[in-house]
1. Go through the stretch 201-227 and count every residue that is closer than 22 Å to residue 178 by Cβ and over 16 Å from the mean Cα position of the chain (by Cα).
2. For the condition more than 24 Å from residue 44 (Cβ to Cβ) and in contact with a strand residue (DSSP E or B) (Cβ under 8 Å, 6 or more places away or on another chain), what is the one hit in 140, 129, 98, 68?
3. Only one of (1) assigned to a loop (DSSP other than H, G, I, E, B); (2) buried (at least 24 other Cβ atoms within 10 Å of the Cβ) is not met by residue 169, so which one is it?
4. Which ones in the stretch 203-226 are in contact with a strand residue (DSSP E or B) (Cβ under 6 Å, 6 or more places away or on another chain) and surrounded by fewer than 24 Cβ atoms within 10 Å (Cβ to Cβ)?
5. Quick check on residue 152: is it touching a strand residue (DSSP E or B) at 6+ places or on another chain (Cβ under 9 Å), in contact (Cβ under 8 Å) with a residue 24 or more places away in the chain and farther than 18 Å from residue 29 by Cβ?
């Protein structure tokens, strides 16, 4: 399994830093996970718009799905290909993005999320995790390798269950340490991500969804106080090439 970090910021894209987005590949199949703000320009460094085989969206906030529109536009207006792109998302999550263009212009197929299902060579397991809108954390397995991704979520035992024993844990860490009262229960921190990664005995931690202006070194250090394995920050991995699991 190969993972390319396309973005790792949260809320809005900073200069040179797209919001959350990951290209996951196995056996020639390309799954784009969370095409957030400014993800498509990063994606096009690696593959053409017609080379994406499916899209998975954790939830409907635009920093996780807004660039589904330019991806579908690029496919439609370049004519490569004209087959519908399968889009897996919670019910209603991408309706606003898909409504940005006239009916019939964009070729896509909305697919139902289930607890367990297959997309190409990937076996997917989803769990609803606490956020201000419906958010589906996902566990992806192919070729004996496994990754888990939280989307955005507050603390919940289901996060540890989702990440149990994975090779790579992509964990939302909007804040460095304490989560402000207004976001308590719906967002996370680097410290909590490190603690959950340790509890899950995951092999590698990548912190994502950092709030704009956050010092990546501070997030990495705090997560490392809780988790003794390798800790990286998604915003520092953009453009560095794929991670081979």
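The values are calculated or read from the model by the stated rules, or taken from the named source; none is laboratory data. Given the structure is predicted, the values throughout are model-derived calculations rather than measurements. Neighbour counts are summed over all protein chains in view; Cβ atoms, including those assigned to glycine, are modelled from backbone coordinates with ideal geometry.
1. Restricting attention to the stretch 201-227, the residues satisfying the condition of being closer than 22 Å to residue 178 by Cβ are 205-227.
From what is left, the residues that are over 16 Å from the mean Cα position of the chain (by Cα) are 212-227.
Matching residues across the stretch 201-227 total 16.
2. Every option except 129 fails the conditions.
3. So residue 169 meets the others, but not (1).
4. 204, 212, 216, 220, 224, listed by residue number.
5. For residue 152, the condition - touching a strand residue (DSSP E or B) at 6+ places or on another chain (Cβ under 9 Å), in contact (Cβ under 8 Å) with a residue 24 or more places away in the chain and farther than 18 Å from residue 29 by Cβ - is met.
Conditions (1) closer than 26 Å to residue 143 by Cβ; (2) modelled with pLDDT of 95 or more; (3) surrounded by 24 or more Cβ atoms within 10 Å (Cβ to Cβ), marked per residue:
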| residue | (1), (2), (3) |
| --- | --- |
| 5 | yes, yes, yes |
| 15 | no, no, no |
| 20 | yes, no, yes |
| 34 | yes, yes, yes |
| 53 | yes, yes, no |
| 67 | no, yes, yes |
| 74 | no, yes, no |
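Each row is one residue, and each column tells you yes or no for (1) part of a helix (DSSP H, G or I); (2) within 21 Å of residue 23 (Cβ to Cβ).
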position	(1), (2)
186	no, no
192	yes, no
203	no, yes
206	no, yes
224	yes, no
229	no, no
